[in-house]
Amino acid sequence: MKELIRGRVIRMPFNDVSTDVIAPNRYRATTGEDREMKAQRPWIMGALRAGLDDIVKPGDIFVVGKNFGLGSHRETAVRIFQIWGVQAVVAESAARLWFRNSIAFGLPVFQLKGVLDLFAEGDEMEIDLKRWSIRNAKKPAEDHKISEFPPTVMNILDEGGIMQLLKKRAEAELGNTTVA
């Protein structure tokens, strides 16, 4: 994972956003494989902000409210951020299950109380992982501390997710074994 993440802010100032709102199940493809979530994408968070799929660009950073991602274990509620190319999510607070799923998928989620007051839509955010701080590029003198991730979480994020980490470990292990 990069030591310095920079991106345009997409601001979603809503609390208690459930995974059912993030990725409404009723719009998912019912036939075939839809790895890019094309059937669902026009409806992603549509109850809160219509047309989001047309607004989000690779490299963006989402700023969200309290208890973001509450509810059921819904992988599509994390996968959409990967499909869009979102670099990170910064939340007032994140629901535990959604936070864990995000890390497992390689999407860093940072928590910072008051983050909605620090950023407007379109601002440029800088996340410095050397100093574990977040700042608005318009106000570079104002650093806001965030909690460091433990080494285990950093290993998962560095590899792009838990499946990639496990695959790498399995390949290394297979490479070290000899067939008799």
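The values are calculated or read from the model by the stated rules, or taken from the named source; none is laboratory data. Since the model is a prediction, treat every value here as computed from it, not as a measurement. Don't worry about glycine lacking a Cβ; one is built from the backbone with ideal geometry, like all the others, and counts go over all protein chains shown.
Only one of the listed residues (R131, R135, R96, R100) is buried (at least 18 other Cβ atoms within 10 Å of the Cβ), modelled with pLDDT of 95 or more and charged (D, E, K, R). That residue is R135. Looking only at the range 49-63, residues that are surrounded by fewer than 18 Cβ atoms within 10 Å (Cβ to Cβ) and either part of a helix (DSSP H, G or I) or more than 18 Å from the chain's Cα centre (by Cα) (or both) come to 4 in all.
Of all residues in the range 64-110, those satisfying the criterion of being outside any helix (DSSP H, G or I) and among the aromatic types (F, W, Y) are F68, F105, F110.
Among the residues of the range 131-161, the ones that are among the acidic types (D, E), farther than 16 Å from L4 by Cβ and outside any loop (DSSP other than H, G, I, E, B) come to 1 in all. Checking each residue in the range 68-92 for being surrounded by fewer than 18 Cβ atoms within 10 Å (Cβ to Cβ) and among the small types (G, A, S) picks out G71, S72, G85. Taking first residues from the range 63-81 that are in contact (Cβ under 8 Å) with a residue 40 or more places away in the chain and on the phi > 0 side of the Ramachandran plot and partners that are part of a loop (DSSP other than H, G, I, E, B) and crowded, with 24+ Cβ neighbours inside 10 Å, the Cβ contacts under 7 Å between residues at least 6 apart in sequence or on separate chains come to G69/V17.
Annotation: V9 fulfils all but one of (1) touching a strand residue (DSSP E or B) at 6+ places or on another chain (Cβ under 9 Å); (2) surrounded by 14 or more Cβ atoms within 10 Å (Cβ to Cβ); (3) in a loop (DSSP other than H, G, I, E, B); the unmet one is (3). Only residues that are within 14 Å of R6 (Cβ to Cβ) and either among the charged types (D, E, K, R) or part of a helix (DSSP H, G or I) (or both) were counted across the range 111-130, and they come to 5. Output yes when any residue across the range 22-40 is at pLDDT 90 or above and of a type in the set (D, E, K, R), and no when none is. Checked the range 22-40: no residue is at pLDDT 90 or above and of a type in the set (D, E, K, R).
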